[in-house]
């Protein structure tokens, strides 16, 4: 048991996570069966809802955009050996950053407001992860606990600001006024209509391009730059990093800031792309599901994009499913995410060991 | 005199609000003292709340509800234990999974069973833990100053609230004064030494994790059967994390855990009381500022600006026996 579990690389990055997801789905299927519904029918409805129409695909990709951002945020921290559970709070603060810019500057043309608002979202997200990073480096408090606390602090701060400072008076729920049109990131159907291509309407917006860009950025950063090398070294072996002259503290701070900035970008999709105003709880759990996405995608941008699409399908298909079978609510998706985190993360060995066993037997008999 | 009765009322509601925190915090204490980090307190409380409400509703018996809550919570604790101890998986990841699984499953099953948007039907009578009125509480209440203390602070809480006190007493005593407690603490500081002494690390850690499950069962049952009258979706609302904060604040010790939880409960009560109240000379105190205090205080404490909180040395580290 104590020997490391060796697997060919392709099996490690594809077979193991796929098996983990299959196991998670089988357990989820049992749950559906347990509440007296047909899991096969539910799966078919889910797939139909997610991919059965152009609109469905649009929604799927719109949800996937959120997961790419939060998944990347968790993944880059993983590579430095850090666990950032604060995606939720960083995204919330990102929303605040974007909203503050929009409220102040949305009389300006879009080519000034939008970049500023995106930077605002990244900056506030980065700040909300940088402080826990700083406290770990300088004061020795662990980022896991601090980022959890910062999730709650962000939530209460934004409630306070929306109720007392930046909220629009006279509304039932605390939210800001709607931003001017110049602060709206175009929907994909609007953008493509400009070029004469007509696609079905959905909340899918240009943030998807930003998400793919961010994935490419993370890939280049981690595997093709000196900084990325340093990040991965710190994650693999802090001792080796120290001997190599890499400052662990500096890398921790930089990684946390990048991680937070990525989580903050979620606000670009939700606030600038869809809502057009700041409201409460727009991050609605995406930060936590980002952990599932990162684990399933093996902390690699390609894997994360694929895992995000899967979770996007679950979200969109789950919504449609809950219309067809009201007994299977969208809470199912939260439970499935929990199962994926369990089987692809904490119980990883449960799947890896038998697979490794099969491989070694197969290889021995082959030789 | 009116100020005094307000004070008593705030203290009373602070005590009520701190009961689930005390149970959850002690659960975290047992688990983390044995070296298993537990951020899944929230999830275990939630399944316990749901299971207890469902069972109490079906049988009209609060004790059976409590039993079901404890069993459900132990079930989730064993998943965490299996992942953290046997599989040597990442304990934080496992805790996050427990929380999400609990949030999803309770809402899903609750909605499927009762079709009331995830809540259980309201409980009444024997299905709930009623406040215990101590002898002569009403008469003694008339005595100025001391009377209300007896009638509202000492008497008049639910059975489970007194259990929280007993749980603190027991946890403190067992962990400090008994051989079992010493071993639990040792396994959280230096598991190799315990192993060398011929005591099973795995067994001890499973014990601690199960005790944590039992205590979270009490915490969740109190929420559903004592404080509220039934289960509401996500009714723990971050209490598991406040308990975690309290645990750090108490520096992983039982009695300080009780006081910290009471303080955090009191803050909650004050926040509720101050909603929309103008304080002379200061104006309106934002409720959010008070709600944020437990988290803020924990961050400041962890950063070592007031004292120092050092976790058990081996907490979070899976134990690998040498070969």
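Apart from one condition, residue A:292 fits all of (1) at pLDDT 90 or above; (2) within 28 Å of residue A:56 (Cβ to Cβ); (3) part of a helix (DSSP H, G or I); the exception is (1).
Within the range A:343-359, the only residue that satisfies the criterion of being farther than 18 Å from residue B:87 by Cβ and free of Cβ contacts under 8 Å to residues at least 40 places away in the same chain is A:358.
Of all residues in the range B:225-238, how many are crowded, with 24+ Cβ neighbours inside 10 Å and under 13 Å from the mean Cα position of the chain (by Cα)? Let's see the steps before the verdict.
First pass over the range B:225-238, keeping only residues crowded, with 24+ Cβ neighbours inside 10 Å: B:225-226, B:230-231, B:236.
Right, trim to under 13 Å from the mean Cα position of the chain (by Cα) and you get B:236.
The total comes to 1.
Out of all the residues in the range A:296-326, which are within 14 Å of chain B (Cβ to nearest Cβ) and farther than 23 Å from residue A:53 by Cα? Selection gives A:296, A:298, A:299. Only a single criterion out of (1) within 14 Å of another protein chain (Cβ to nearest Cβ); (2) surrounded by 24 or more Cβ atoms within 10 Å (Cβ to Cβ) is not satisfied by residue A:68, namely (1).
For residue A:154, the requirement of being within 14 Å of chain B (Cβ to nearest Cβ), assigned to a helix (DSSP H, G or I) and in contact with a helix residue (DSSP H, G or I) (Cβ under 9 Å, 6 or more places away or on another chain) is met. Taken as a whole, the condition of being more than 30 Å from residue B:112 (Cβ to Cβ), in contact with a helix residue (DSSP H, G or I) (Cβ under 9 Å, 6 or more places away or on another chain), at pLDDT 90 or above and part of a helix (DSSP H, G or I) applies to residue A:305.
Only one entry of A:182, A:141 meets the criterion of being at pLDDT below 90, assigned to a loop (DSSP other than H, G, I, E, B) and touching a helix residue (DSSP H, G or I) at 6+ places or on another chain (Cβ under 7 Å), and that entry is A:141.
From the list B:48, B:27, B:9, pick out the single residue that is touching a residue at least 40 places away in the same chain (Cβ under 8 Å), out of contact with any helix residue (DSSP H, G or I) (no Cβ under 6 Å at 6 or more places or on another chain) and either crowded, with 24+ Cβ neighbours inside 10 Å or in a helix (DSSP H, G or I) (or both). Criteria check complete, one pass: B:9.
May I ask you to verify whether residue B:73 is in contact with a helix residue (DSSP H, G or I) (Cβ under 8 Å, 6 or more places away or on another chain) and at the interface with chain A (Cβ under 7 Å from one of its Cβ atoms)? Outline the logic, then answer.
On the way: in contact with a helix residue (DSSP H, G or I) (Cβ under 8 Å, 6 or more places away or on another chain): yes; at the interface with chain A (Cβ under 7 Å from one of its Cβ atoms): no.
No: the conditions fail for residue B:73.
Residues that are more than 7 Å from chain B (Cβ to nearest Cβ) and crowded, with 23+ Cβ neighbours inside 10 Å were ranked within the range A:138-151; the one that is farthest from residue A:177 (Cα to Cα) is A:143.
Would you confirm whether any residue within the range B:207-223 is touching a strand residue (DSSP E or B) at 6+ places or on another chain (Cβ under 8 Å) and either closer than 22 Å to residue B:163 by Cβ or without any contact (Cβ under 8 Å) to a residue 60 or more places away in the chain (or both)? Don't jump to the end; show me each part of the working.
Going residue by residue through the range B:207-223, those that are touching a strand residue (DSSP E or B) at 6+ places or on another chain (Cβ under 8 Å) are B:222.
Narrowing the set further to residues that are either closer than 22 Å to residue B:163 by Cβ or without any contact (Cβ under 8 Å) to a residue 60 or more places away in the chain (or both) leaves B:222.
Checked the range B:207-223: at least one residue is touching a strand residue (DSSP E or B) at 6+ places or on another chain (Cβ under 8 Å) and either closer than 22 Å to residue B:163 by Cβ or without any contact (Cβ under 8 Å) to a residue 60 or more places away in the chain (or both).
Yes or no: the range A:32-42 includes at least one residue that is within 24 Å of the chain's Cα centre (by Cα) and in a helix (DSSP H, G or I). Within the range A:32-42, none of the residues are within 24 Å of the chain's Cα centre (by Cα) and in a helix (DSSP H, G or I).
Rundown of residues vs (1) facing chain A (nearest Cβ under 8 Å); (2) in contact with a helix residue (DSSP H, G or I) (Cβ under 7 Å, 6 or more places away or on another chain); (3) more than 20 Å from residue B:41 (Cα to Cα), yes/no style:
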{"position": "B:93", "(1), (2), (3)": "yes, yes, no"}
{"position": "B:101", "(1), (2), (3)": "yes, yes, no"}
{"position": "B:112", "(1), (2), (3)": "yes, no, yes"}
{"position": "B:120", "(1), (2), (3)": "no, yes, yes"}
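One residue stands out in the range A:329-367 among those that are more than 7 Å from chain B (Cβ to nearest Cβ) and in a loop (DSSP other than H, G, I, E, B): the one that is farthest from the chain's Cα centre (by Cα), namely A:367. Within the range B:263-282, identify whether any single residue is assigned to a strand (DSSP E or B) and without any contact (Cβ under 8 Å) to a residue 24 or more places away in the chain, and answer yes or no. Among the residues of the range B:263-282, at least one is assigned to a strand (DSSP E or B) and without any contact (Cβ under 8 Å) to a residue 24 or more places away in the chain, which makes the answer yes.
The values are calculated or read from the model by the stated rules, or taken from the named source; none is laboratory data. All values reported here derive from a predicted model rather than from experimental measurement. Here Cβ is always computed from backbone atoms with ideal geometry, including for glycine, and neighbour counts include all displayed protein chains.
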